[in-house]
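Asker: Sharing a structure, written as structure tokens. Questions coming.
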Amino acid sequence: MEEKGFETNSAILIGIVLTQPVVSHKSYGETFYCFSIGVDRKSGYRDMIQIIVSERLIWNVELGTGSLVEVLGQIRTYNEEQDGRNKLNVVVFAREFKLITEDPFPAHENKINLEGFICKKPIGRISPLGREICDIMLAVNRMYNKSDYIPCIAWGRNAGYAANLAVGTKIIITGRIQSREYRKRDEEGNVETKIAYEVSILKLE
């Protein structure tokens, strides 16, 4: 039986394993592993997405870098302290996991469906290329009175519409999870490359 909430937060990914699984954490005696997969866009850019998976789903799977996998799950977010600052981690928590061996291989896939509430005032801006964009923080409820706070980005007409939505508005979105490199300068002037994760909105209602 699907737990309630799966329909309000679902992720379907097909991509290539980029890193070997390492232990992420243990919960109620169950070990969870973390690794990243690469999902190629039609443009050729590769999004690098963090996956968390239970040992139950991969104990009998030969999981090496370069393997093609399908992940069905949910986006989860959690705060992690790094250098005295809070960093929002965005991962896909696997509910189902499959190694793809059939030939020909299916195309890479990256589909996210979310239903939640706007929890911060949306920030509309213009990109360096002159395109209208809008940043949205979406609170998506899950079981046990928990919520995931998921950064989303809207483009073009969706951005113009989203910029005027009030905090507390319920929205349903379809999109893709994407990774984006950015550079940050520390107090000593060193420039560090970091990765941000967000859901790029294709459809908003």
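Asker: Out of every Cα-Cα pair in region 112-204, what percent are more than 20 Å apart?
Answerer: More than 20 Å apart: 40 percent of the Cα pairs in region 112-204.
Asker: Also: Provide the gained length on full extension for the span Leu18 to Lys184, in nm with one decimal, where the gain is 0.36 nm per separating residue minus the Cα-Cα distance.
Answerer: Using 0.36 nm per residue and subtracting the Cα-Cα distance, I get 57.3 nm.
Asker: Another question, if that's okay. How large is the Kirkwood hydrodynamic radius of region 6-111, in angstrom, based on all distinct alpha carbon pairs?
Answerer: 14.5
Asker: Would you calculate the separation in nanometres between label points at Lys42 and Tyr149, each defined as 7 Å from the Cα along the Cα-to-beta-carbon direction?
Answerer: Between Lys42 and Tyr149, the simple spin-label model gives 3.5 nm.
Asker: Now for a different question. Eight or more residues apart or on different chains, and alpha-carbon atoms under 22 Å: count the Lys pairs in the chain matching that.
Answerer: Taking the Cα cut-off of 22 Å, the pair count is 25.
Asker: Also: Take the Cα atoms of the chain, build their convex hull, and give its volume per residue in Å³.
Answerer: Considering the Cα atoms of the chain, their hull volume per residue is 163 Å³.
Asker: Here's something else I'd like to know. Whole-Hz Karplus ³J(HN,Hα) for region 112-120, in order, using 6.51 cos²θ - 1.76 cosθ + 1.60 and θ = phi - 60°, x for Gly and Pro?
Answerer: Going residue by residue, I get 10, 10, 9, 10, x, 10, 5, 10, 9 Hz, with x marking Gly and Pro.
Asker: As a test of the formula, what do you get for the chain when each DSSP H run with n ≥ 4 contributes -39,500 (n - 2.57) and the sum is divided by the residue count, at 222 nm and rounded to the nearest 500 deg cm²/dmol?
Answerer: Taking each H run of at least 4 residues, the total per residue is -1000 deg cm²/dmol.
Asker: Please report the spacing between the Cα centers of region 129-160 and region 9-74 in Å, no decimals.
Answerer: About 23 Å separates the Cα centre of region 129-160 from the one of region 9-74.
Asker: Where does each of 55-61, 99-105 land if you order them by average Cβ count within 10 Å, highest first?
Answerer: 55-61, 99-105
Asker: If packing is taken as the average count of other Cβ atoms within 10 Å, what order do 123-131, 85-93 fall into, highest mean first?
Answerer: 85-93, 123-131
Computed from the coordinates by the stated procedures, all read-outs in this text should not be read as laboratory data. Keep in mind it's a predicted model, so treat the numbers as computed, not measured. Neighbour counts are summed over all protein chains in view; Cβ atoms, including those assigned to glycine, are modelled from backbone coordinates with ideal geometry.
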